[in-house]
Amino acid sequence: MGSTKPLRLIQHKKEALWFYSFISFGYDHVFNPGQYTEDMRDISLEHARLHSRALKVVDVGGGTGFTTLGVVRYVDPENVTLLDQSPHQLDKARKKKALRGIKIMEGDAEDLPFPTDTFDRYVSAGSIEYWPDPQRGIREAYRVLSADGVACMIGPVRPTFWLSRFFADMWMLFPTEEEYIEWFERAGFKDVELTRIGPKWYRGARRHGLVIGCCVTGIKTQSGDSPLQLGPKAEDVSKPHVNPIFVFFRFLIGTICATYFFLVPIYMWIKDKIVPQGRPI
């Protein structure tokens, strides 16, 4: 008997748009402190090899620009493009002084509006979990990079604890580490590497999964399109949903499940304070 297919109620573009229209109000001050800290961002961007201010960089699914703020510390703003499908998130990015001068635009991670071989670096943090077809998004990352370009994907990792895995599968995509590596290699990337990251108070614990839990990098060694050929997109956000009530139901239940992962970091922070150092939590 096969395993039940995860529902992943907000691993869909329409539902994700609704989701971020609400959480964008507190994204930087509520979500990031518990899930994606500045230390985690900086460690990940080290692997993106931002060694020149002249590099052309795209931050895909960049939302409010939290990761982009890290990018512009190393790269001149006029060389940076921030793309996201959520206008609510992008409105927050536009208000940040440090991001003045970058290009901000709406777009689809699975169908990037750029020519092949456009950028030197591709960065994406906290976005893959909403892609209906993650392989297609990573293929696009390969396509828009120039030869010797580096892609840096920052995303969640799948829980092993049964209750956390249940809520993860109800909410969105939590890939395994093996899936990340396979997607990158199938798209054509070479020298694929995965680095584990997480909030310091987790002490490396990963059984509950992490909304931001790893950084994956790969190098495009030659110019041109990806060798991987795919069929039509799984979901086109420009097309209306057949049943808006069904969309709202998915959004509502998925958001309730997401609440679990807003509580887990608090639980882990309390355990870190109670359990003596040197003992696992």
Residues that are touching a residue at least 40 places away in the same chain (Cβ under 8 Å), farther than 19 Å from residue 128 by Cβ and acidic (Asp, Glu), drawn from segment 186-233: 225
Residues of segment 37-61 being open to solvent by 10 Å² or more (accessible area, probe 1.4 Å) and either within 26 Å of residue 258 (Cβ to Cβ) or under 13 Å from the mean Cα position of the chain (by Cα) (or both), which ones? 37, 38, 39, 41, 42, 43, 61
Of the residues 112, 9, which is modelled with pLDDT of 95 or more, crowded, with 19+ Cβ neighbours inside 10 Å and in contact with a Lys or Arg (Cβ under 9 Å, 6 or more places away or on another chain)? 112
Taking the conditions exactly as written (open to solvent by 30 Å² or more (accessible area, probe 1.4 Å), under 15 Å from residue 61 (Cα atoms) and part of a strand (DSSP E or B)), does residue 153 satisfy them or not? no
Just give me the residues in segment 129-149 being under 12 Å from residue 114 (Cβ atoms), open to solvent by 10 Å² or more (accessible area, probe 1.4 Å) and assigned to a helix (DSSP H, G or I), in sequence order. 140, 143
Please specify each residue of segment 85-102 satisfying the condition of being of a type outside the set (Val, Ile, Thr) and in contact (Cβ under 8 Å) with a residue 24 or more places away in the chain. 85, 86, 88, 89, 90, 91, 92, 93, 96, 98, 99, 101
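Out of everything in segment 94-108 that is of a type in the set (A, V, I, L, M) and within 16 Å of residue 123 (Cα to Cα), what residue ends up being surrounded by the most Cβ atoms within 10 Å (Cβ to Cβ)? Walk me through how you get there before you give the answer.
Keep residues of segment 94-108 that are of a type in the set (A, V, I, L, M), which gives 98-99, 102, 104-105.
Okay, now just the ones that are also within 16 Å of residue 123 (Cα to Cα), so 99, 102, 104-105.
Details: 99: 21, 102: 24, 104: 18, 105: 12.
It comes out as 102.
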The residue from 19, 25, 31 that alone is crowded, with 17+ Cβ neighbours inside 10 Å, out of contact with any Cys (no Cβ under 6 Å at 6 or more places or on another chain) and modelled with pLDDT under 65 is 19
Would you be able to tell me the number of residues in segment 168-198 that are over 16 Å from the mean Cα position of the chain (by Cα) and either basic (Lys, Arg) or assigned to a loop (DSSP other than H, G, I, E, B) (or both)? 4
Based on this model, can you work out whether residue 218 counts as at pLDDT 75 or above, more than 14 Å from residue 8 (Cα to Cα) and assigned to a loop (DSSP other than H, G, I, E, B)? no
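The values are calculated or read from the model by the stated rules, or taken from the named source; none is laboratory data. Remember, predicted model here, so these are calculated numbers, not experimental data. Neighbour counts run over all protein chains shown; Cβ positions are idealised from the backbone, glycine included. Each accessible area value is taken on the protein alone, full model and side chains, heavy atoms only, with ligands, DNA and RNA left out. Shrake-Rupley method; radii C 1.70, N 1.55, O 1.52, S 1.80 Å.
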